[in-house]
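Structure record follows, encoded as structure tokens.
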Amino acid sequence: MNIYVLLKRTFDTEEKISVNNGVITDDGAEYIINPYDEYAVEEAINLRDEHGGEVTVVTIGEEEAEKQLRTALAMGADKAVLINTEDDLEEGDQFTTVKILEAFFEDKEVDIILGGNVAIDEASGQVGPRLAERLDIACVTTITDIKVDGTTVNIERDVEGDVEKVETSLPLLVTCQQGLNEPRYPSLPGIMKAKKKPLDELEIDDLDLDEDEVEPKTKTTEIFLPPEKEAGKVLEGEVDDQVKELVSLLKTEAKVL
Ligand SMILES: Cc1cc2nc3c(=O)[nH]c(=O)nc-3n(C[C@H](O)[C@H](O)[C@H](O)COP(=O)(O)OP(=O)(O)OC[C@H]3O[C@@H](n4cnc5c(N)ncnc54)[C@H](O)[C@@H]3O)c2cc1C
């Protein structure tokens, strides 16, 4: 099987970031594989081990994303591709990302593409479904189980806590949800092997794209952090008095009564 994984490098949302003049400052923040993409890498490896073939992990990003690609190779992926936009593009949105991925997949024989359900930083959840549409292949989102038998694919997907069962066929794009598997940690031999596995680097030129064609369709007009939460108020005294004070505060301060 020709198995591809879409992987995004994101900053860890546990990290402290700040916003200065509308720009996110992530200096010193730890970068990771988007957690939903870890499920995708793990499932891709399992599918390859069961059905044969090759797992290729693809990311659009900057030189630094090589680290996350090497981690995916150390987990067990066979090849990685970095589409490096550092020198060519200053801005991008979901349209940009999908347009570049569409060009990448144009000459590829694809059986299955696995991506994350959502990227934890920008969280639009658009890239997978939009790419499937552009490639004219089936798409199932938020999967928690997948069984491939020939070209028939049986999937369980998470629908807000319930399970929906879907039957579809290859070629296919799926987006992965928590519960699909337990992503493995790279082993020491895996890390050593990963250093020798192929990691190709492409630029948008190599995909016959020029800057105009991938210009973003959306513009971010403002970025700001949520307001700091004010400290809560603890009421004291007799219960009757507390209730009176609470009602009064709800009227005068919270203005919800
Ligand atoms: C050239 C370029 C410049 C950019 N510049 C800016 C900028 O200036 N400001 C800004 O805020 N954002 C920028 N972005 C990021 C962009 O706006 C979105 O992050 C991106 O389109 C994905 O949307 P999302 O994060 O909501 O992902 P979602 O749609 O939530 O991601 C779902 C899944 O899609 C896949 N995926 C998403 N992104 C990638 C990727 N890059 N490579 C491989 N797979 C991926 C992963 O499997 C992921 O789990 C840029 C992107 C590009 C390509």
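The values are calculated or read from the model by the stated rules, or taken from the named source; none is laboratory data. Because the structure is predicted, anything quoted here is derived from the model rather than measured. Note: ideal-geometry Cβ built from the backbone for every residue, glycine included; neighbour counts use all protein chains shown.
Looking only at residues in the stretch 170-181 that are under 11 Å from Pro35 (Cα atoms) and part of a loop (DSSP other than H, G, I, E, B), the one that is nearest to the chain's Cα centre (by Cα) is Gln177. When the stretch 64-97 is filtered for residues that are at pLDDT 95 or above and in contact with an Asp or Glu (Cβ under 6 Å, 6 or more places away or on another chain), the ones remaining, listed by number, are Asp78, Val81, Leu82, Asn84. Out of the stretch 180-236, which residues are exposed (fewer than 14 other Cβ atoms within 10 Å of the Cβ), polar (S, T, N, Q) and within 21 Å of Gly115 (Cβ to Cβ)? If the condition is that a residue be exposed (fewer than 14 other Cβ atoms within 10 Å of the Cβ), polar (S, T, N, Q) and within 21 Å of Gly115 (Cβ to Cβ), then Thr218 is the only one that fits. Where strands (runs of 3 or more DSSP E) fall entirely within the stretch 9-105, those with at least 1 residues that are out of contact with any Phe, Trp or Tyr (no Cβ under 9 Å at 6 or more places or on another chain) are at 18-20, 23-25, 31-33, 54-61, 79-84.
Return the residue satisfying two criteria in turn: it lies in the stretch 131-154 and is away from the ligand (no atom under 16 Å from the Cβ) and acidic (Asp, Glu), and of such residues it is surrounded by the most Cβ atoms within 10 Å (Cβ to Cβ). Break it down stepwise before answering.
The first filter runs over the stretch 131-154 and keeps only residues away from the ligand (no atom under 16 Å from the Cβ), leaving 136, 138, 145, 147-154.
Narrowing further to those that are acidic (Asp, Glu): 136, 145, 149.
Values: Asp136: 7, Asp145: 16, Asp149: 8.
Checking each candidate, the answer is Asp145.
Exactly one residue out of Gly161, Gly190 is closer than 29 Å to Glu64 by Cα, away from the ligand (no atom under 16 Å from the Cβ) and small (Gly, Ala, Ser): that is Gly190. Among residues of the stretch 10-26 that are assigned by TED's automatic domain parsing to the domain that holds Ala65 and surrounded by 12 or more Cβ atoms within 10 Å (Cβ to Cβ), none has a Cβ under 7 angstrom from a residue that is basic (Lys, Arg) and not in a strand (DSSP E or B) at a sequence gap of 6+ or on a separate chain.
Condition check for Arg157 on (1) surrounded by fewer than 18 Cβ atoms within 10 Å (Cβ to Cβ); (2) without any contact (Cβ under 8 Å) to a residue 24 or more places away in the chain; (3) not acidic (Asp, Glu): one failure, at (1).
May I ask you to list the residues in the stretch 151-161 that are out of contact with any Pro (no Cβ under 9 Å at 6 or more places or on another chain) and either within 22 Å of Leu131 (Cβ to Cβ) or at pLDDT 95 or above (or both)? Hits for the stretch 151-161 are Thr152, Val153, Asn154, Ile155, Glu156, Arg157, Asp158, Val159.
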